[in-house]
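Heads up, the thing below is written out as C-alpha cells.
The values are calculated or read from the model by the stated rules, or taken from the named source; none is laboratory data. This structure is a prediction, so every number in the text was calculated from the model and none was measured. Using ideal geometry, Cβ is built from the backbone for each residue, glycine included, and neighbour counts are taken over all protein chains shown. SASA here: full protein model, heavy atoms, side chains in, ligands and nucleic acids out. Shrake-Rupley method; radii C 1.70, N 1.55, O 1.52, S 1.80 Å.
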Amino acid sequence: MSEGFAQFPIAGRVVAETLESLAGPGDIWEVSAIETLTSADDVLLGDLWRRVVAGDRVFATREICSALVRADQVITLYARLIGKDNVHFYIDDGIAASDDGIQEGR
C-alpha cells in the first residue's frame, strides 16, 4: 500500500493515484459506498456520491479519479474492479484495508 495511507487523513489524491496504478483509465469499477470531505463544494464529488446513492455504481477509473483528486479526505470507499475479482479497494472510517491487513493513519 502507498505510504500516503499511513498519513491521516487519507487524501483523495492518494486514493486516485492508487486506483490509477491498479487499473487503466477505461477499466470499470463497481463502487458500493463513498464518503468524502472537501473544504469547498465540489460538483464532481457531489455527482459521484449522488449516483452511488441512487444505485448507479459503475464507473471508469478516470471518472472516479477525476472526482476523488478534489477530496481533502476519503472517509469511505468500497470499490471492486469488474472482471478482476481479486482487485478491490476499501477505506472505512478513514482506515485503508488491503490484503496485508489494516493500516491506520491516526
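Values as computed for the structure displayed
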{"item": "First in the range 74-90 and within 18 Å of LEU45 (Cα to Cα), second anywhere and open to solvent by less than 30 Å² (accessible area, probe 1.4 Å) and part of a loop (DSSP other than H, G, I, E, B), Cβ under 6 Å, 6 or more apart", "result": "VAL74/ILE10; ILE75/GLY94"}
{"item": "Count - residues of the range 42-73 that are within 14 Å of the chain's Cα centre (by Cα), under 23 Å from ASP85 (Cα atoms) and part of a helix (DSSP H, G or I)", "result": "8"}
{"item": "Filtered residues of the range 18-41 (kept if outside any strand (DSSP E or B) and either in contact with a strand residue (DSSP E or B) (Cβ under 8 Å, 6 or more places away or on another chain) or under 21 Å from ASP93 (Cβ atoms) (or both))", "result": "THR18, LEU19, LEU22, ALA23, PRO25, GLY26, ASP27, THR38, SER39"}
{"item": "Criterion violated by PHE5 - all others in (1) touching a Gly at 6+ places or on another chain (Cβ under 9 Å); (2) open to solvent by less than 60 Å² (accessible area, probe 1.4 Å); (3) assigned to a loop (DSSP other than H, G, I, E, B) satisfied", "result": "(3)"}
{"item": "Residue list for the range 85-106, filter: part of a loop (DSSP other than H, G, I, E, B) and either modelled with pLDDT of 90 or more or touching a Leu at 6+ places or on another chain (Cβ under 6 Å) (or both)", "result": "VAL87"}
